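Chemist: My questions all concern the structure below.
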Amino acid sequence: MTISKNQTLQAEAVPCFRAQAQPNIALVKYWGKQNIPGNIPAVGSLSITLDALRTQTTVRFDPEIAADVFVLNGENNPSGLPRVSRCLDLLRQEAGTSCRAYIESDNNFPTAAGLASSASGFAALVMAAGKALGLEVTRSRYAQWARQGSGSAARSIYGGFVEMKLSKRRSDVITEPLLDAEEWPLEVVVAITHTHVKSVSSSEGMERTRSTSPYYSRWVATQDQDLHDAREAVLARDFERLGLISEQSCLKMHGLALAARPGLIYWTAATVSCLHAIREMRASGYPVFFTVDAGPQVKAICEPRVTAEVARTLQSVNGVLKTVISHLGQGARLV
Ligand code: PMV
């Protein structure tokens, strides 16, 4: 193939940047939004960033195209495009451009199935787009943009243990790393029980819960104490304490979602079997606890010396399709 001088110049004029981000798993959950602009959560949250699951996103701003194009896992994705474009508009506004972009994103794990693909997706998107636009901004600015794409995405800008807290007036969010991955190298076994796209998205589930669940106000009222306890447990590297708070936060979140109208049941039978299996292991002395997001997959957080045994146990649970073992990972970065 011969490339004309013009084409070469054009290719140089629109450089593309690729960023990688990993999903994060909340130990103290975010569930519910405030009724104000900016996708501000109703509660703070605390998470760990994973290493084994990855999203890589390439962004190329191209003056030659009239509309954004979003390709997800090799296929054009018009249904995901409006959210992606709205998020890119924030960066375009910052850069003072209306130039459209070609966005290509790939996950090495099932998308929209309760594995936090939107968190890694929006974190990788803003980082690649910001660099492509030449923006010189801090990580916290990237976190703000990512949050507007998906609330939990702000946490994937950072690695290790991350807290997303509400400002004093609760009208803004501050996302901060608490410990690096190496400072407390826990591991996570993800038990995949279903790979289909979930039927009720997190945003829809949150809104239904906020407007109909009788437990919602107690959830909001008790979150600051949970966050405080979890933060202390992380800083003291107190595994047992962190496990108790995390399991309670997970069950609380699912409890209020179950009590919405109509109730939200994100779990499969295998999800519940995994929770029992993890509690049985803990009762016999294994340092392991569970959490489950808005989907049927179970995440077992454990000390590295028991990871193999936890994975073997979960793999043998009826209905578990696959287990994935992960270290804790780094924040979003260019690759
Ligand atoms: O970021 P969203 O809108 O996909 O919501 C995430 C919600 C949970 O994963 C269930 C909890 C959390 O804090 O990540």
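The values are calculated or read from the model by the stated rules, or taken from the named source; none is laboratory data. None of these values were measured; they are calculated from a predicted model. Glycine gets a Cβ as well: all are built from the backbone with ideal geometry, and neighbour counts include every protein chain shown. Ligands, DNA and RNA are stripped out before the accessible areas are found, and what is left, the full protein with its side chains, is counted by its heavy atoms. Shrake-Rupley method; radii C 1.70, N 1.55, O 1.52, S 1.80 Å.
Chemist: Based on the Kirkwood radius over alpha-carbon pairs, what is the Stokes-Einstein translational diffusion coefficient of the range 158-310 at 25 °C with 0.890 mPa s viscosity, in µm²/s?
Modeler: On the way: Rh = 16.8 Å.
Result for D is 146 µm²/s.
Chemist: May I ask for the distance between the Cα centers of the range 186-255 and the range 26-41, given as a whole number of Å?
Modeler: Between the Cα centres of the range 186-255 and the range 26-41 lies a distance of 12 Å.
Chemist: Provide the solvent-accessible area of Arg279, counting protein heavy atoms only and rolling a 1.4 Å probe, rounded to the nearest 10 Å².
Modeler: 110 Å²
Chemist: Hey, what's the range 40-95 come to in accessible area per residue, 1.4 Å probe, Å²?
Modeler: Values: 2360 Å² over 56 residues.
Accessible area per residue, the range 40-95: 42 Å².
Chemist: How big is the range 104-217 on each of its three principal axes, counting only the C-alpha atoms and giving the largest first in Å?
Modeler: So the extents along the principal axes, rounded to whole Å, are 43, 39, 33.
Chemist: Debye calculation, C-alpha points only, no solvent: report log10 I(q)/I(0) for the chain at q = 0.16 Å⁻¹, in the same order as the q values.
Modeler: For the chain, the Cα-only Debye profile gives -1.38.
Chemist: If you wrap a convex hull around the C-alpha atoms of the range 16-116 and split its volume per residue, what is the figure in Å³?
Modeler: Details: hull volume 13.3 nm³, N = 101.
Hull volume over Cα atoms, normalised by residue count, gives 132 Å³.
Chemist: With bins 5 Å wide starting at 0, give me the P(r) of the range 225-326 over every alpha carbon pair, in whole percents.
Modeler: Final binned percentages: 2, 12, 22, 22, 19, 14, 6, 2, 0.
Chemist: Hey, can you find the accessible area per residue of the range 150-216 for me, probe 1.4 Å, expressed in square angstrom?
Modeler: Values: 2980 Å² over 67 residues.
Ligands and nucleic acids excluded, the result is 45 Å² per residue.
Chemist: Follow-up. Where is the GNM fluctuation largest for the chain (alpha-carbon springs, 10 angstrom cutoff): Leu321, Leu133, Leu186?
Modeler: Leu321
Chemist: I would also like to ask the following. Could you work out which residue, out of Cys302, Cys99, Cys250, moves most in a Gaussian network model of the chain, that is, has the largest mean-square fluctuation with Cα springs under 10 Å?
Modeler: Its mean-square fluctuation being the largest, the pick is Cys99.
Chemist: If you filter the range 53-102 for GluC sites (Glu not before Pro), then keep DSSP loop positions with at most 12 other Cβ within 10 Å, what is left? Kindly include the intermediate steps, with their values, before the conclusion.
Modeler: Numbers: sites: Glu64, Glu75, Glu94; in loops: Glu64.
Of the GluC sites (Glu not before Pro), the ones in loops of the range 53-102 whose Cβ has at most 12 other Cβ atoms within 10 Å are Glu64.
Chemist: Keeping all protein chains in the complex and leaving out DNA, RNA and ligands, what accessible area do you get for Lys322 with a 1.4 Å probe, in Å² to the nearest 10?
Modeler: Approximately 110 Å² for this residue.
Chemist: What's the ranking of 134-143, 18-27, 326-335, 53-62 by average number of surrounding C-beta atoms within 10 Å, highest first? Let's see the in-between values first.
Modeler: Numbers: 134-143: 15.6, 18-27: 26.7, 326-335: 19.4, 53-62: 22.7.
Going from most to least packed, we get 18-27, 53-62, 326-335, 134-143.
Chemist: If you project the alpha carbons of the range 35-194 onto the principal axes, what extent comes out on each, in Å, largest first?
Modeler: Largest to smallest, the principal-axis extents are 47, 40, 30 Å.
Chemist: Shifting gears a bit: Counting only other residues whose beta carbon sits under 14 Å from that of Met164, what net charge do I get with K and R as +1, D and E as -1?
Modeler: Working: positive: Lys29, Lys33, Arg139, Arg147, Arg155, Lys165, Arg170, Arg231; negative: Glu163, Asp172, Glu176, Asp224, Asp226.
Here the charged neighbours net out to +3.
Chemist: Which Cα, out of Ala119, Leu179, Ser249, lies furthest along the positive dipole direction of the chain (beta carbon charges, K/R +1, D/E -1)?
Modeler: Projecting each Cα onto the dipole axis, the largest value belongs to Ser249.
Chemist: Let's see if you can work this out: charge +1 on each Lys and Arg Cβ, -1 on each Asp and Glu Cβ, no other charges. What is the dipole magnitude of the range 272-315 about its Cα centre, in debye to the nearest 20? Numbers along the way, then the final one.
Modeler: Working: 5 positive and 4 negative charges, 10 e Å.
It works out to roughly 40 debye.
Chemist: How large a share of the accessible area of the chain, in percent, is made up of carbon and sulfur atoms when the probe is 1.4 Å and the other protein chains stay in place? Before the final figure, lay out the partial values.
Modeler: Details: 7570 of 14840 Å².
With neighbouring chains kept in place, the figure for the chain is 51 percent.
Chemist: With a 1.4 Å probe and every protein chain left in place, work out the accessible area per residue of the range 224-335 in Å², rounded to a whole number.
Modeler: Working: 5000 Å² over 112 residues.
Here the residues of the range 224-335 average 45 Å² of exposed surface.
Chemist: Given springs between every Cα pair under 10 Å in a Gaussian network model of the chain, which of Ala128, Ala233, Ala257 has the largest fluctuation?
Modeler: Ala233
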